[in-house]
Amino acid sequence: MALVNENYLRLPGSYLFSEIARRVNEFKKINPDADIIRLGIGDVTRPLPPAVVQAMKEAVEEMGREETFRGYGPEQGYEFLTEKIIENDFRSRGVNLSADEVFVSDGAKCDTANFQEVFGLDNVVAVADPVYPVYVDSNVMAGRSGDFDGRGRFKRIVYLPCTEENGMKPDLPQTGVDLIYLCFPNNPTGMTLLREELKRWVDYARENRAVILFDAAYEAYIREEDVPHSIYEIEGAREVAVEFRSFSKTAGFTGTRCAYTVVPREVKAYDSSGKAHQLNALWLRRQTTKFNGVSYPVQAAAAAVYSEEGKKQVRELIDYYMENARIIREGLKAAGYKVFGGVNAPYIWLKTPGGMGSWDFFDRLMREAHVIGTPGAGFGASGEGYLRLTAFGSRENTVRAVERIRQKL
Ligand code: PLP
């Protein structure tokens, strides 16, 4: 008799985005002519930059010629890409990495979900709340969460509330934790940590021999000077932090798939006898066993992000979305809403008026303005009373959505 992994059965029923789709479909059945604007799901809408498309086409042509055909590539990524990553994303900010510390992959979702595999099941996991749901769910599947308490939280996970009182920045944990997921700029709040705030986390991890899993998928959206782009800009972070990056939101790769994870050689975890082990070696072992690398045309496309034209085109993409973010942020503020984020991130975190529940406000926004957001409660218990809007729509729809919210609500 085949037995299931019962950890999967602990996951609460409906996935956030399927529940949103269900409600939208129901609304559309009754209101078939409603002109719905979706500022909910965090997918990009602008096409790939031309430099990326050109590089991918050329790489596909190479794959079709005997002299330039390539079979299996290195599981950690081609050096032509890792070198560009190191030069442009790190060395330019004073961070030195070696090629074997960068692991190219097909997504930050897979990497943030899979990385927990190299840690023992007894580790206590801490997550900011609200946050991207993958960190909690992947630890639930692995068996680190304990039971669901029925009120949106798992008993063995330490939640670090991000609230209006602490400026949406988590406080250090009051009880011992071993693995700490931090995501800044944050999805869903759009908020960031300043250099000295991030340093407190690095110091905590060093003092407690904990590991920080730092998700910097939205790094390219940072505009303010004192916000670090990489955790390795903080002294000592090489000893305690793994960093996840993605081309998805930077260069429109959500459907093309390319990302990377940095695992410095100094980051360690311990066995039951107290002996230290390099996470870099464990992650390499994991990847070479379970992953066969990103396709050559996609890595060639990702490398084009770092060409002169690629950089310019990517900057234009991000400027486009950040102008949307400004329009949403300022429009809603002018209409009297309390908003967070949207300055260093493509997310705007809106406080629901009059203490309304997030799903109630979601329904009201859909019914009265025909605008779809994402209920904050879907990102964790502390997201209750908030709604997330994204800057990834078209300019026209963004302007229309803000107008409608101002007029109808
Ligand atoms: N990390 C965060 C915080 C995200 O919001 C997302 C996507 O929404 C991802 C990772 C996933 O990135 P990728 O498309 O590289 O899998």
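The values are calculated or read from the model by the stated rules, or taken from the named source; none is laboratory data. Bear in mind that the values here come from a model prediction, so they are computed numbers and not experimental data. Because the Cβ atoms are built from the backbone with ideal geometry, glycine has one as well, and the counts that use them run over all protein chains shown. All accessible areas refer to the heavy atoms of the entire protein, side chains included, with ligands and DNA or RNA removed. Shrake-Rupley method; radii C 1.70, N 1.55, O 1.52, S 1.80 Å.
Observations on the model:
- Average accessible surface for the stretch 54-306: 42 Å² per residue, computed with a 1.4 Å probe over protein heavy atoms with every protein chain in place.
- The stretch 54-306 - percent of accessible surface contributed by carbon and sulfur, probe 1.4 Å: 47
- Computed [θ] at 222 nm, deg cm²/dmol, the chain (DSSP H ≥ 4; -39,500 (n - 2.57); rounded to nearest 500): -10500 deg cm²/dmol
- Once the Cα-Cα distance is subtracted from the 0.36 nm per residue extended length, the Thr288 to Glu165 segment shows a gain of 39.8 nm.
- Comparing Cα centroids, the stretch 343-409 and the stretch 118-145 end up 27 angstrom apart.
- When all alpha carbon pairs of the stretch 15-172 are counted in 5 Å bins from zero, the resulting P(r) reads 1, 6, 9, 11, 13, 14, 14, 12, 10, 6, 3, 1, 0 %.
- Cβ charges +1 (Lys, Arg) and -1 (Asp, Glu), total dipole of the stretch 54-306, debye: 480
- Paired Rg and Dmax values of the chain, which use every Cα atom, in angstrom: 21.5, 67
- Under 5 Å, built H, 5+ apart or other chain: amide partners of Ala241: Ile212
- Label-to-label distance, nm, for residues given as Phe148 and Arg315 (7 Å Cα→Cβ offset): 4.7
- Model label sites at Ala99 and Glu83, defined 7 Å from Cα along the beta-carbon direction, differ in position by 0.7 nm.
- Database remark: amide H of Arg38 closer than 5 angstrom to the amide H of Ile372 (H placed geometrically; neighbours at sequence offset of 5 or more, or on other chains; Pro and chain starts carry no H).
- Measuring spread by the Cα atoms of the stretch 289-409 yields a radius of gyration and Dmax of 17.9, 56 Å.
- Of Lys57/Lys109; Lys249/Lys312; Lys333/Lys408; Lys351/Lys408; Lys109/Lys290, those spanning more than 22 Å from alpha-carbon to alpha-carbon: Lys57/Lys109
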